[in-house]
Each structure stands twice: as C-alpha cells, then as structure tokens.
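Read through the structure below, which is laid out as structure tokens, and then see the notes.
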Amino acid sequence: MDRSARAFWLRSPGHGEIRDVTLPEPSRDEVVVRTLWSGVSRGTETLVFRGGVPGSQHTVMRAPFQEGDFPGPVKYGYLNVGVVEEGPEHLTGRTVFCLYPHQSRYVVPLAAVTPVPESVPAARAVLAGTVETAVNALWDAPPLIGDRVAVVGGGMIGCSVAALLARFPGVRLQLVDADPARAATAAALGVDFAAPEDALGECDLVVHASATERGLARSLELLRTEGTVLELSWYGDRLVSLPLGEAFHSRRLVLRSSQVGTVSPARRATRDYGDRLALALDLLTDPALDALVTGESAFDELPDLLPKLVSGEVPALCHRIRYGDQNGK
C-alpha cells in the first residue's frame, strides 16, 4: 500500500506549509486512514496559527495527535473524516471520524477512530468534534424544560449549542450576535435571532461563546437573579475585564466554565469519551447542521487560507477542507 502522505504544519506563527511525510507500517492494532475531509475549527485553530496559546497552556492545549510544540513548528487539528484503507475486516472501507490534524493519510490505533453512521454524510461528519463540545456544554449547563436561554456568539461552537438547544421542549431560545449575517444561520437552525441590544433578558441560562469581553459582559446582563452564564470561549493569551461590581453579587449571578477536554462531571460516571463522540455523530443526522459549514477549500490551499481566516478576510464558522479522491460515503 501507498505509504506517502502530505501534512499541514504551522512552521511559525502566521506561516503554514505542506510537508511530505512517510507513514510507518501499521501494527495489528492500528488502521491506515485516507482522509476525505477535515475541518478548520476557526476559533481555536486561528488562535494557534497566530501563536496565541499562552505558555502555561501548552500542555493542556495539545491535540490528541499533535506533533511539534507551540508556538511552532506544530501540526495541529482535530476534525478529520476518512476511509479506512487497512485494518480489521469490519472497519476496512468504512468511513470514520478521528481527532487527527490536516493530513492526507495517517496511521492511528483502532481505538482512535469512530465509525460514521450510514445516515451521516462524510462531508457533514467533520462537525463531530464541534457538536461533541456542544454536548459536553449542555451536560455541564444543564438546561431544563421551559428555560429561557440565550446563546451569545454565533460562531461554530455557539451555533452548535443553539442547534441542540432548539430540540429542548418549551425552551425560549435566542442566538445573539453582533453580526446580522448570523440571522440566516439561526433561521436555518430553526432558532430565533437577536442583536445584542435587542436580546431578551431574564434568562435562566446564557451560554457565552463570542470570545469577546463585550459579549461576556452582555451575557451577565441578560441573566435573571441567580441565573448562570456558561462560558465556552477560550481567550488564549488575552486578558478579559468584567463588571463584577454593579449587580453581580446582589443578584447572586453564576459564571462557570465548560471545556471539552474532560467529560462533564454530570456524566463522567456513566459516559466516556467514546460515548460522547458517538452521540455527537448520531446527532449529525440532522441536515440543518449543514448550515455550520460556510466554506470549502482544497487541502493545497491551507497555507494561504489560514491567514485569511485569522484576518476575517474569509468569514467562516466551520471551513471544510477537501482531499483529492472523494470515494467513500
């Protein structure tokens, strides 16, 4: 079998390149996967690309199959869908999801791949890692029937959370974003949209995912007394100021974090990482989630694409990367 592959590396902050690599021979407990699609998780990957991972978080922020170290050279990424070329009979030819960087072909342990359900197109399955983050967040929250909820920040994570919240019965839900273009995405997901100044208040729960100081401050303003802001944004090396005077204490507001690196304590006794990812893939049967993929480029374009995603020249939620032959589901 062909052992050649090509991988995207961040050579140094702001500068990417594609490198030729030779794959190792797989062991009996490994599979060879040929990539069909990968996804650029715009928030985290653009932060990595600009060199914004603080030194204190270099270990915490490592992706499962990362090579190199921050700030670079580093091979980073975690949204990869491919077809198994070599492996056990029950997996050979199957489409799988893996938390692997942008690379045309790779070798990983059997346990690192999760079969994509037949009802989920491979091109949509690149969203699995993002929907998994949303699942973990809603385990952390958790919303209750009839809650008044706002999701502040209509990026990839915020829209994924809103898409899942739209399935909760009796919930009053708004997606809040300063960009009016996000209204179309909200409509595709079946969610009400509001600009920050028009958002409905007295919320039981606000999920914040705008990664902005202003968005987090507005999230606190939208709460009812004793309401909760669940913080999903990660600010990297940026400092954030918050109005924790004013009514923060008198209204007994709650600000708590959520992070996908560990399974939520609410489910840790009964679910593992594999269960959570399998659930996320099952949830991707909903075609409405295609609205989260807002662009597509060929793999060879990645070195030129990342700077444009960082600058905003190419606006995106999830930007999908296409690899050569698309034979597969």
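The values are calculated or read from the model by the stated rules, or taken from the named source; none is laboratory data. What you see is a predicted model, and the numbers here were worked out from it, not measured in a lab. Cβ: placed from backbone, ideal geometry, glycine included. Neighbour counts: every protein chain shown.
List of remarks:
Yes/no matrix, rows are residues, columns are (1) without any contact (Cβ under 8 Å) to a residue 24 or more places away in the chain; (2) assigned to a loop (DSSP other than H, G, I, E, B); (3) within 20 Å of A141 (Cα to Cα):
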| residue | (1), (2), (3) |
| --- | --- |
| L205 | no, no, yes |
| R218 | no, no, yes |
| L242 | no, yes, no |
| A266 | no, yes, yes |
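- Options L230, L279, L305, L289; residue that is touching a Ser or Thr at 6+ places or on another chain (Cβ under 7 Å) and part of a helix (DSSP H, G or I): L305
- Within the stretch 72-89, considering residues that are surrounded by fewer than 22 Cβ atoms within 10 Å (Cβ to Cβ) and in contact with a His (Cβ under 9 Å, 6 or more places away or on another chain), the one nearest to R124 (Cα to Cα): K75
- Cβ-Cβ distances below 9 Å connect the following pairs, each with a first residue in the stretch 176-197 that is in the same structural domain as S219 (by TED's automatic domain parsing), a second residue that is β-branched (V, I, T) and part of a helix (DSSP H, G or I), and a separation of six or more residues or different chains: D177/T185; V191/T185; F193/T185.
- Taking the listed residues L232, L222, the one that is surrounded by 12 or more Cβ atoms within 10 Å (Cβ to Cβ), under 19 Å from A195 (Cβ atoms) and aliphatic (A, V, I, L, M) is L222, with no other qualifying.
- Restricting the search to strands (runs of 3 or more DSSP E) fully inside the stretch 1-58 and requiring at least 2 residues that are in contact with a strand residue (DSSP E or B) (Cβ under 7 Å, 6 or more places away or on another chain) and over 20 Å from L79 (Cβ atoms) gives 4-12, 15-22.
- Residue check for G68: under 30 Å from G158 (Cα atoms), of a type in the set (G, A, S) and under 19 Å from the mean Cα position of the chain (by Cα): no
- Selection status of V171, surrounded by 20 or more Cβ atoms within 10 Å (Cβ to Cβ) and within 25 Å of E132 (Cα to Cα): no
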